[in-house]
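Notes follow once the structure below has been shown.
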Amino acid sequence: MNEKEKMKLDSQLIGYIPTRYLNQKQACIYANTSVKTINRWKTLGLRLIFIEGDEYPKYDIKDIDDFMAKYKTKEM
């Protein structure tokens, strides 16, 4: 990466605040999976966050990472 590209990237990242809590669509994009798969993961124990007054659950990135790590294997 040259200096000009680095400066452009740095300027885009200034003020960036990462999102920790995701809606279902964002969780699917984060995990690179489908809604059907996320729904199956919920039955396998993926935790959800329900906030009073909000009809849609949220997914914590840390919970997604922990869930996926739980099923990580060396074998194929």
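The values are calculated or read from the model by the stated rules, or taken from the named source; none is laboratory data. Predicted model only: the values in this text are computed from it and were never measured. Using ideal geometry, Cβ is built from the backbone for each residue, glycine included, and neighbour counts are taken over all protein chains shown. For the accessible areas, the whole protein counts, side chains as well, though only heavy atoms, and no ligand, DNA or RNA atoms are used. Shrake-Rupley method; radii C 1.70, N 1.55, O 1.52, S 1.80 Å.
Out of the total accessible area of the chain (probe 1.4 Å, heavy atoms of protein only), what percent is carbon and sulfur? About 55 percent, which is the carbon plus sulfur part of the accessible surface.
Treating r as the C-beta distance of K74 and R47 and R0 as 25 Å, the FRET efficiency rounds to 0.50. Here is how the number arises for the chain: DSSP H runs of 4 or more residues each give -39500 (n - 2.57), the sum is divided by the residue count, and the result at 222 nm is -14500 deg cm²/dmol.
In the context of the full set of protein chains, residues of the chain present 88 Å² of accessible surface per residue (probe radius 1.4 Å, heavy atoms only).
Toward the positive end of the charge dipole of the chain, with +1 on the Cβ of Lys and Arg and -1 on the Cβ of Asp and Glu, the farthest Cα among Y71, Q12, N2 is that of Y71.
Exceedance of the 18 Å cut-off in Cα-Cα distance is limited, within the set K25/K58; K42/K70; K6/K62, to K6/K62. Among the GluC sites (Glu not before Pro) within segment 2-68, those in coil by DSSP and having at most 14 neighbouring Cβ atoms inside 10 Å are E52, E55.
Qualifying trypsin sites (Lys or Arg not before Pro) in segment 32-76, where qualification requires a DSSP coil assignment and no more than 15 other C-beta atoms within 10 Å, comprise R47, K72, K74.
In a fully extended conformation the segment linking Y16 and E3 would gain 2.6 nm over its present Cα-Cα distance, using 0.36 nm per residue. Distance between the modelled labels on D65 and N23, one decimal in nanometres: 2.4 nm (7 Å Cα→Cβ projection).
Using only alpha carbons, the chain has a radius of gyration to Kirkwood radius ratio (Rg to Rh) of 1.12.
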